[in-house]
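Here the structure is laid out as structure tokens; the discussion comes afterwards.
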Amino acid sequence: MSESSLSVTRVGDLANPTRFIAFVGRVLPVLAGVTALLFAVGLVMSFLAPEDYQQGATIRIMFVHVPAAWLSMMCYTVMTASAIGTLVWRHPLADVSARAAAPIGAIFTVLALLTGSLWGKPMWGTWWVWDARLTSVFVLLLMYLGLIALNRAMDDPSKSARVSAILILVGFINIPIIKFSVDWWNTLHQPASVVRLDGPTIHASMLYPLLVMALAFTVLFFTLHMAAMRNEILRRRVAALRRQAARGR
Amino acid sequence: MAYFGYIFASYLATAVALLGLIGWVVFDLRGRRADLAELEARGVRRRSAAAAEDR
Amino acid sequence: MRLVAENLGASRGGDPVFSGLSFSLAAGEALIVTGPNGVGKSTLLRVIAGLLRADTGLIALERDHGAEAGVLAENSHYLGHRNGMKRELTVSENLDFWQTFMVMEGDAARMPVADACAVLNLDHVLHLPYGYLSAGQQRRIAMARLLLSHRRLWILDEPTAALDLAAEEAFAGMVNRHLDDGGLAVIATHQPLAIARQATLSMRARAQDEGALS
Amino acid sequence: MRALLWRDIRIGIRAGGGALIGVLFFLTVVAVVPFGVGPDLNLLSRIGPAILWIGALLAALLGLDRLFQGDREDGTLDLLLMQEHPLALTVLIKCLAHWVVSGLPLVAASPLLGLFMNVEPLAIGATTLTLLVGTPAVTFIGAVGAAVAVALPRGGLLVSILVLPLAIPILVFGVSAAYAAVEDPAPFLPPFLILTAITLLFSVIGPVAAAAALRASTD
């Protein structure tokens with residue numbers, strides 16, 4: 001029973017894992033192509049963009065840093081939507097989506113922090129500065145790692161779906177509180193002289209490359225997310241088959 | 001171009017991270033398919049797969 | 001008052017354990033659930049107690065003319081493998097707590113703690129910490145909890161596992177009195193029980209189970 | 001409900017489980033700092049409130065996984081789930097009992113440890129007050145982590161990892177309120193009121209989410 005041979009009658013009913021795998025099988029190559037194209041265009045445009053009069057060439061790091069940070073937050077929103085899908089509609093693929101998205105979100109957050117510090121070094125002379133936004137992204141990383149640790153600790157996915165969904169929601173409710181407390185904490189201890197991360201209002205010539213790069217990152221995210229979901233479904237199928245084999249039926 | 005090192009490092013980090021993600025997904029897929037094939041070879045049928053065949 | 005289950009199906013750890021299970025239990029009757037280990041007796045009892053969500057089908061306590069008689073869990077006592085008592089507290093503290101915690105506004109407390117223990121001839125250990133008791137005594141204290149507040153349905157998971165003969169008779173007497181008062185009971189067990197009116201539900205491994213009322 | 005409160009408090013004290021270990025851990029964390037930072041008194045007094053808060057936060061996180069674990073192991077949790085009382089209320093009562101047993105001793109010990117860190121009396125008063133208001137929030141939001149980790153074999157360690165990011169706002173406002181009492185420009189009331197607001201908010205989110213998590217993880 002190879003996946004792609006299944007005839008997909010109605011694309012709408014993706015709740016069925018088998019049909020979802022077939023759908024991913026067909027859509028993935030197209031998405032991969034679009035991602036590669038977008039990245040190519042984005043990189044060329046960002047290379048041609050003029051240097052910023054204030055920050056010099058380091059502005060180019062923004063073309064990678066801002067999309068990564070934006071993606072790390074968008075990924076958590078996707079996981080929150082999945083959590084609602086698990087809790088409210090008991091959608092069979094919602095937990096698969098949340099579980100597949102967590103590592104991707106974590107990698108994007110690490111990337112955002114890495115490029116953030118690479119950008120900070122030339123400007124502020126230190127690898128890490130407790131800027132309000134960088135700190136919030138760092139706390140977001142802690143939440144991702146907590147969720148990944150929880151998912152790995154739970155051996156049986158069907159039972160733990162609702163539990164991790166609840167934790168994702170509680171985390172989501174807390175993001176504004178954390179953001180507010182970090183801003184408060186930042187203004188209290190931080191001398192006001194720190195240059196704001198995104199610099200002056202972005203000039204059009206730099207805005208378009210940024211948007212293209214952001215789009216490229218987003219399409220890449222969805223490609224990876226669907227592929228990771230397919231892997232998760234297959235992983236659960238293997239586990240179920242092994243349990244079935246163990247029971248000797 | 002000043003600070004070339006930092007710019008290059010950040011693009012390199014991005015490339016490593018994204019290619020790493022793509023690599024992990026592909027590697028994971030191959031692994032799971034291999035597991036499934038091996039289970040299939042051992043004759044462990046999925047209930048719905050078995051049912052699909054009877055239909 | 002009847003306990004009605006239609007096409008009940010549940011799974012444990014993602015794998016279906018039983019399905020298509022239907023039975024109906026009238027007031028004053030006990031349903032003895034038998035079957036080999038791992039066939040899902042405990043899972044069925046946890047589904048009845050509302051601790052586990054059933055995949056398919058439904059189960060409810062119904063008054064004689066079909067109206068639903070309140071949430072099943074709130075009208076039932078559940079005695080699982082674990083007794084639900086704290087080792088650090090004394091027997092009377094444990095039972096006092098459960099009596100105050102479980103008594104709903106409506107009904108009067110069924111029986112004071114001392115009498116409940118007397119039924120299972122354990123009134124001499126009231127002031128000992130629960131941890132000091134033997135397994136059999138601890139099990140009987142957990143059974144005494146069933147008498148502390150009035151609940152229509154008793155759900156008992158291998159109640160007589162650690163009991164000696166005398167305790168088993170006391171337990172059987174207790175259940176019979178509960179049934180005579182119009183109560184119901186679902187008991188998963190291997191040992192035969194001296195219960196007056198009992199129906200048997202034999203669960204087989206993953207085959208189509210039918211509620212055999214013999 | 002009161003019965004549950006008294007039962008949990010009695011268990012906490014009688015077994016000496018939560019109360020003693022929490023305070024001892026708090027003591028060791030605070031005692032270790034001068035050995036690391038050095039005996040420089042005015043430095044210690046400057047970082048005193050922060051160290052007290054960090055020690056209290058870690059001590060509170062430490063005792064959290066016992067919140068539901070004990071009940072689950074002896075089967076009490078199943079019965080608590082089946083009762084007519086709303087589960088969120090039961091969880092709230094258990095959190096209060098847990099706070100009384102392990103949170104209050106931390107608050108009681110903080111003035112002593114404040115002197116230990118050469119913190120002036122005004123700052124000690126502020127720190128103790130903020131701890132009094134802040135530690136319940138840690139227990140309430142920690143209840144979610146404890147409920148999520150109750151079904152796991154080694155859930156204990158996981159609780160602190162899961163709860164830490166959620167507890168950061170408590171630490172931030174707690175410490176800034178404690179410092180505000182000393183440095184005159186910084187206002188005391190705003191962070192203190194925000195801290196109280198967080199505690200009240202978490203006293204709702206925590207038990208409700210923990211109850212949902214407990215109900216979802218009954219196996």
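A few points about this structure:
- Restricted to strands (runs of 3 or more DSSP E) entirely inside region C:1-97, those with at least 1 residues that are β-branched (Val, Ile, Thr) are C:2-12, C:15-26, C:30-34, C:56-62.
- Selected residue (only one of A:Ala102, A:Ala149, A:Ala49 is under 30 Å from D:Leu158 (Cβ atoms) and surrounded by fewer than 23 Cβ atoms within 10 Å (Cβ to Cβ)): A:Ala149
- Single condition A:Pro122 does not satisfy, out of (1) more than 8 Å from every other protein chain (Cβ to nearest Cβ); (2) surrounded by fewer than 20 Cβ atoms within 10 Å (Cβ to Cβ); (3) more than 26 Å from D:Val163 (Cα to Cα): (1)
- Boolean, A:Gly85 is at pLDDT 90 or above, crowded, with 17+ Cβ neighbours inside 10 Å and not hydroxyl-bearing (Ser, Thr, Tyr): yes
- Residue match in region C:177-196 (condition: surrounded by fewer than 19 Cβ atoms within 10 Å (Cβ to Cβ) and part of a helix (DSSP H, G or I)): yes
- Scan of region D:168-217 for residues that are of a type in the set (Ser, Thr, Tyr) and at the interface with chain A (Cβ under 9 Å from one of its Cβ atoms), ordered by number: D:Ser176, D:Tyr179, D:Ser217
- Exactly one residue among A:Val41, A:Val64 is crowded, with 18+ Cβ neighbours inside 10 Å, under 15 Å from A:Leu207 (Cα atoms) and among the aliphatic types (A, V, I, L, M), and that residue is A:Val64.
- Qualifying position, being within 25 Å of D:Leu81 (Cα to Cα), touching a helix residue (DSSP H, G or I) at 6+ places or on another chain (Cβ under 9 Å) and aliphatic (A, V, I, L, M), among C:Ala60, C:Ala54: C:Ala54
- Candidates are the residues of region C:195-214 that are at pLDDT 75 or above and among the polar types (S, T, N, Q); the one that is farthest from C:Trp154 (Cα to Cα) is C:Ser202.
- Number of positions in region A:229-240 that are out of contact with any helix residue (DSSP H, G or I) (no Cβ under 7 Å at 6 or more places or on another chain) and more than 9 Å from chain B (Cβ to nearest Cβ): 1
- With respect to (1) at pLDDT below 85; (2) small (Gly, Ala, Ser); (3) crowded, with 21+ Cβ neighbours inside 10 Å, the lone exception for C:Ala162 is condition (3).
- Lone unmet requirement of (1) more than 14 Å from chain C (Cβ to nearest Cβ); (2) among the aliphatic types (A, V, I, L, M); (3) within 19 Å of the chain's Cα centre (by Cα) for D:Ile47: (3)
- The criterion of being within 13 Å of chain D (Cβ to nearest Cβ) and either under 18 Å from the mean Cα position of the chain (by Cα) or basic (Lys, Arg) (or both) does not hold for A:Ile107.
- For the criterion of being touching a Ser or Thr at 6+ places or on another chain (Cβ under 7 Å) and more than 21 Å from B:Ala15 (Cα to Cα), A:Asp131 fails.
- Within region A:217-228, the set of residues being more than 10 Å from chain B (Cβ to nearest Cβ) and not hydroxyl-bearing (Ser, Thr, Tyr) comprises A:Val219, A:Phe222.
- Any chance A:Val129 is in contact (Cβ under 8 Å) with a residue 12 or more places away in the chain, touching a helix residue (DSSP H, G or I) at 6+ places or on another chain (Cβ under 7 Å) and surrounded by 19 or more Cβ atoms within 10 Å (Cβ to Cβ): no
- The number of residues in region C:45-58 being surrounded by 15 or more Cβ atoms within 10 Å (Cβ to Cβ) and more than 14 Å from chain D (Cβ to nearest Cβ) comes to 1.
- Scanning region C:4-40 for residues that are closer than 16 Å to C:Asp157 by Cβ and surrounded by 15 or more Cβ atoms within 10 Å (Cβ to Cβ) gives C:Ala10, C:Arg12, C:Val17, C:Phe18, C:Ala30, C:Leu31, C:Ile32, C:Val33, C:Thr34, C:Gly35, C:Val39, C:Gly40.
- If you go through region D:92-109 and keep only what is away from chain C (no Cβ under 14 Å) and under 21 Å from D:Val204 (Cα atoms), you end up with D:Leu92, D:Cys95, D:Leu96, D:His98, D:Trp99, D:Val100, D:Ser102, D:Gly103, D:Leu104.
- Residues that are assigned to a helix (DSSP H, G or I), more than 7 Å from chain D (Cβ to nearest Cβ) and not small (Gly, Ala, Ser), drawn from region A:150-168: A:Asn151, A:Arg152, A:Pro157, A:Ile168
- Looking across region C:128-175, the residues that are of a type in the set (A, V, I, L, M), within 27 Å of C:Met1 (Cα to Cα) and part of a helix (DSSP H, G or I) come down to C:Ala142, C:Met143, C:Ala144, C:Leu146, C:Leu147, C:Leu148, C:Ala170, C:Ala172, C:Met174, C:Val175.
- Candidates A:Leu113, A:Leu142, A:Leu147 - the one that is within 30 Å of D:Ala151 (Cα to Cα) and more than 7 Å from every other protein chain (Cβ to nearest Cβ): A:Leu147
One line per residue, one yes/no per condition, for (1) crowded, with 22+ Cβ neighbours inside 10 Å; (2) β-branched (Val, Ile, Thr); (3) modelled with pLDDT of 80 or more:
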site	(1), (2), (3)
A:Asn174	yes, no, yes
A:Phe180	no, no, yes
A:Leu188	no, no, no
A:Ala192	no, no, no
A:Arg196	no, no, no
A:Pro200	no, no, no
A:Leu211	no, no, yes
A:Ala216	yes, no, yes
A:Val219	no, yes, yes
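Here's the yes/no breakdown for (1) farther than 22 Å from A:Pro29 by Cα; (2) within 20 Å of the chain's Cα centre (by Cα); (3) at pLDDT 85 or above:
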site: B:Ala2; (1), (2), (3): yes, no, no
site: B:Ala9; (1), (2), (3): yes, no, yes
site: B:Ala15; (1), (2), (3): no, yes, yes
site: B:Leu18; (1), (2), (3): no, yes, yes
site: B:Ile22; (1), (2), (3): no, yes, yes
site: B:Phe27; (1), (2), (3): no, yes, yes
site: B:Glu38; (1), (2), (3): yes, yes, yes
site: B:Val44; (1), (2), (3): yes, no, no
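- Given (1) within 16 Å of D:Leu200 (Cβ to Cβ); (2) away from chain A (no Cβ under 11 Å); (3) out of contact with any Gly (no Cβ under 8 Å at 6 or more places or on another chain), index of the condition D:Thr139 fails: (3)
The values are calculated or read from the model by the stated rules, or taken from the named source; none is laboratory data. Just so it is clear, the structure is predicted and the values come from calculations on it, not from any experiment. Cβ sites come from the backbone with ideal geometry, for glycine too, and all protein chains shown count toward neighbours.
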